[in-house]
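The values are calculated or read from the model by the stated rules, or taken from the named source; none is laboratory data. Since the structure is predicted, the reported quantities are computational estimates derived from the model, not experimental observations. FYI the Cβ positions are ideal-geometry reconstructions off the backbone, even for glycines, and counts take in every protein chain you see. Heads up: the accessible areas ignore ligands, DNA and RNA and are worked out on the full protein's heavy atoms, side chains in. Shrake-Rupley method; radii C 1.70, N 1.55, O 1.52, S 1.80 Å.
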2 protein chains.
Amino acid sequence: MESLADYFKVFSEPNRLTVLETLRPGPLNVTAVVEKTGLSQALVSKHLKLLTIAGVVRRRPEGSLVFYEVIDKGVFQLLVQARKLMLASRRQQLDALAAIL
Amino acid sequence: MESLADYFKVFSEPNRLTVLETLRPGPLNVTAVVEKTGLSQALVSKHLKLLTIAGVVRRRPEGSLVFYEVIDKGVFQLLVQARKLMLASRRQQLDALAAIL
DNA sequence: ACGTAGTATCACGTTGTCGTTATGACGTGA
DNA sequence: TCACGTCATAACGACAACGTGATACTACGT
């Protein structure tokens, strides 16, 4: 939240990205995320908290359940763009390698 | 490089972002980056290596100097987009807080 | 009031990352 | 070949992040 680097850090963890992807289609409660991801409940709870603090996700208690939902789906566009750049980088790496060999 | 999370990790470090920003205008050799950033030489070298491995930056030895340059300036667009989302998140956070108070 | 399901948090061990200091490697010019 | 500037790497300590197991908290139904 502090710096831009901290914001990137939010997405720099595989399990956290998995949790985030789970919420792509729509709101889910914690247990649902746990089941979909196969991660431990404590871990999912932690990641959801972090995502909440980062302002990526909104927490909405409903009875005894707690639903989480992505606030701005634009984050997924960020993921897409990052993946594009990443793949382009890889291509470039291979080309550089091929140029040597 | 492996996963998308790893790619995000590249940008999740303040000093590394600083180094990257330094290369925005154009290629620079290591010492120049050191001077512009005020970071230690060893640290700059490390970050540049990481950026190179990530395919964000290209290494080009020239005599006894080693120049680094950003391969795809599209990365800066990624930074911009991330910052936008981050600021939007902050606004949202404040609004949520205001709604409570 | 009690038990239970759902969620959050704590304490802990493990691992990874960052930064520094010191040293090594390389190219260049004298 | 020697000294120097430039860059990379190694070794180390400090610290943060991750994941787990256990435990607290809360809302609900009985």
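The numbered conditions (1) in a helix (DSSP H, G or I); (2) within 12 Å of chain A (Cβ to nearest Cβ); (3) within 16 Å of DNA strand C (Cβ to nearest atom); (4) touching a Phe, Trp or Tyr at 6+ places or on another chain (Cβ under 6 Å) are all true for residue B:48 except (2).
The C-beta contact set for segment A:35-50 (first residue open to solvent by less than 60 Å² (accessible area, probe 1.4 Å), second residue in a helix (DSSP H, G or I) and within 6 Å of DNA strand C (Cβ to nearest atom), distance under 9 angstrom, 6+ apart or interchain) comprises A:44/A:30; A:44/A:31; A:45/A:30; A:48/A:30.
For first residues located in segment B:71-82 and in contact (Cβ under 8 Å) with a residue 12 or more places away in the chain, partners that are of a type in the set (Ser, Thr, Tyr) and lie 6+ apart or on another chain with Cβ distances below 7 Å form the pairs B:82/A:7.
Note on segment A:51-101: among residues that are over 19 Å from residue B:94 (Cβ atoms) and among the small types (Gly, Ala, Ser), the one that is most open to solvent (accessible area, probe 1.4 Å) is A:64.
Can you name every residue in segment B:11-42 that is under 23 Å from residue A:81 (Cα atoms), more than 12 Å from every other protein chain (Cβ to nearest Cβ) and of a type in the set (Ser, Thr, Tyr)? Once the filter is applied, which keeps residues that are under 23 Å from residue A:81 (Cα atoms), more than 12 Å from every other protein chain (Cβ to nearest Cβ) and of a type in the set (Ser, Thr, Tyr), segment B:11-42 yields only B:22. Residue B:26 passes every criterion in (1) within 11 Å of DNA strand C (Cβ to nearest atom); (2) among the small types (Gly, Ala, Ser); (3) surrounded by fewer than 17 Cβ atoms within 10 Å (Cβ to Cβ) apart from (1). Scoring residue B:31 on the criteria (1) near DNA strand D (Cβ under 10 Å from one of its atoms); (2) assigned to a strand (DSSP E or B); (3) open to solvent by 20 Å² or more (accessible area, probe 1.4 Å) leaves a single failure, condition (2). For segment B:14-23: of the residues being near DNA strand C (Cβ under 10 Å from one of its atoms) and open to solvent by 30 Å² or more (accessible area, probe 1.4 Å), which is nearest to residue B:60 (Cα to Cα)? By that ranking, first place goes to B:18.
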